[in-house]
1. Looking at Val184 and the list (1) β-branched (Val, Ile, Thr); (2) modelled with pLDDT of 85 or more; (3) under 21 Å from Asp277 (Cα atoms), which single condition is not satisfied?
2. Does Gly206 satisfy the criteria of being modelled with pLDDT under 90, in a helix (DSSP H, G or I) and either surrounded by 14 or more Cβ atoms within 10 Å (Cβ to Cβ) or not assigned by TED's automatic domain parsing to the domain that holds Val21 (or both)?
3. For Gly144, are the conditions met, namely being in a loop (DSSP other than H, G, I, E, B), out of contact with any Phe, Trp or Tyr (no Cβ under 6 Å at 6 or more places or on another chain) and closer than 20 Å to Arg15 by Cβ?
4. Give me the pairs: first residue in segment 56-78 and assigned by TED's automatic domain parsing to the domain that holds Lys8 and farther than 19 Å from Ala28 by Cα, second residue in a strand (DSSP E or B) and among the small types (Gly, Ala, Ser), beta-carbon distance under 6 Å, and six or more apart or on different chains, which are they?
5. Could you count how many residues in segment 13-30 are part of a helix (DSSP H, G or I) and out of contact with any Ser or Thr (no Cβ under 8 Å at 6 or more places or on another chain)?
6. Looking only at segment 63-86, decide whether some residue is buried (at least 20 other Cβ atoms within 10 Å of the Cβ) and part of a helix (DSSP H, G or I).
Amino acid sequence: MSLTADVKAELTAVRDPRPSVRVAELTALLRFAGGLHSIAGRVAVEAEVDTAPLARRTARDIAEIYGVRPEIAHVQGSGTRDGEFFAVRIIDGGETLARQTGLLDLRRRPVRGLPNRLTTGSRDDLAAVWRGAFLASGSLSEPGRSASLEVACPTGEAGMALVGAAHRIGIAAKAREVRGVPRVVVREAEAIRGMLIAMGAAKTAGEWDQLRQRREVRAGVNRLVNFDDANLRRSAQAAVAACARVERALEILGDEVPPHLRQAGELRLAHRDASLDELGHHADPPLTKDAVAGRIRRLLAMADKRAEQDGVPGTESAVPAGS
């Protein structure tokens, strides 16, 4: 079952008895799930929803609130809409219902956004608007860089009304257009979680947040592993380069290497993977890390100077490509 289906199943079960909340949710659902149609010269209200339980609940709410009995049709998708869906239709009494819900204004013109009384209602009414809109055309993606809670909108005005409702709840949402379809998007993880809870999908919000936290921990571990791998790779490359230069320096200088510099060079070659601090502990008598580093540096400088005088390749020439 997808996250979107989980959310819609949980929201379908939400039953708030307050009249203003029920009206806000039903009106938003009708607006975002299809809206108005003209059939044989009459205004019809139709909502296309994803599941049979939601279709039955929508029909029941219409009958209980407005006294109109809709019909439910099972429709097989085609063209731009795949799969199956359910159409809740009201033909007889459709215009009256459209006026009562605010989908038609007093001059019988379709309202392009949402009725003003809904977007200026209480916090619970605004949450119900979002619940109805999400049930109609919402989607929730998995946590990650591109995580989002989205609602496809019938018009740009309806999208802006939904953005305003989200802001009044205290949640950041943005309107945008994707392939010619207006959408309202909630992006930030905490905002997504907050909107799910506000709409009434607290269980799915908790599961989504747990999934997000697990992925963040896993991503953090992967970053640390990659970081450690990169450090180890760089350290190994540096050790190979250092040993190659020391070998070349001893070869260039031959018997002319001062004993204390030869000791440092031979320590480097004898313990190729050891740190400078560890090399110092292997010396007799023990040396500090800085002393070992200084001696190796002077050995290489002396060899490079002699190589330049003799016109032969210096110590850098011994370093393997890529090290």
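1. (3)
2. On the way: modelled with pLDDT under 90: yes; in a helix (DSSP H, G or I): yes; either surrounded by 14 or more Cβ atoms within 10 Å (Cβ to Cβ) or not assigned by TED's automatic domain parsing to the domain that holds Val21 (or both): yes.
Spelling it out, Gly206 is indeed modelled with pLDDT under 90, in a helix (DSSP H, G or I) and either surrounded by 14 or more Cβ atoms within 10 Å (Cβ to Cβ) or not assigned by TED's automatic domain parsing to the domain that holds Val21 (or both).
3. Considered against the rule, which asks whether it is in a loop (DSSP other than H, G, I, E, B), out of contact with any Phe, Trp or Tyr (no Cβ under 6 Å at 6 or more places or on another chain) and closer than 20 Å to Arg15 by Cβ, Gly144 comes out as no.
4. What qualifies is Ala73/Ala87; Val75/Ala87.
5. Taking segment 13-30 and keeping what is part of a helix (DSSP H, G or I), we get 19-30.
Going one step further and asking which of them are out of contact with any Ser or Thr (no Cβ under 8 Å at 6 or more places or on another chain), we end up with 19, 21-22, 24-25, 28.
Adding up the residues that qualify gives 6.
6. No - not one qualifying residue is present in segment 63-86.
Residue-wise test of (1) surrounded by 11 or more Cβ atoms within 10 Å (Cβ to Cβ); (2) at pLDDT below 80.
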residue: Leu196; (1), (2): yes, no
residue: Ala201; (1), (2): yes, no
residue: Asp228; (1), (2): no, yes
residue: Ala239; (1), (2): yes, yes
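The values are calculated or read from the model by the stated rules, or taken from the named source; none is laboratory data. Source: prediction; values computed, not measured. As a convention, Cβ positions derive from the backbone with ideal geometry for all residues, glycine included, and neighbour counts pool all protein chains shown.
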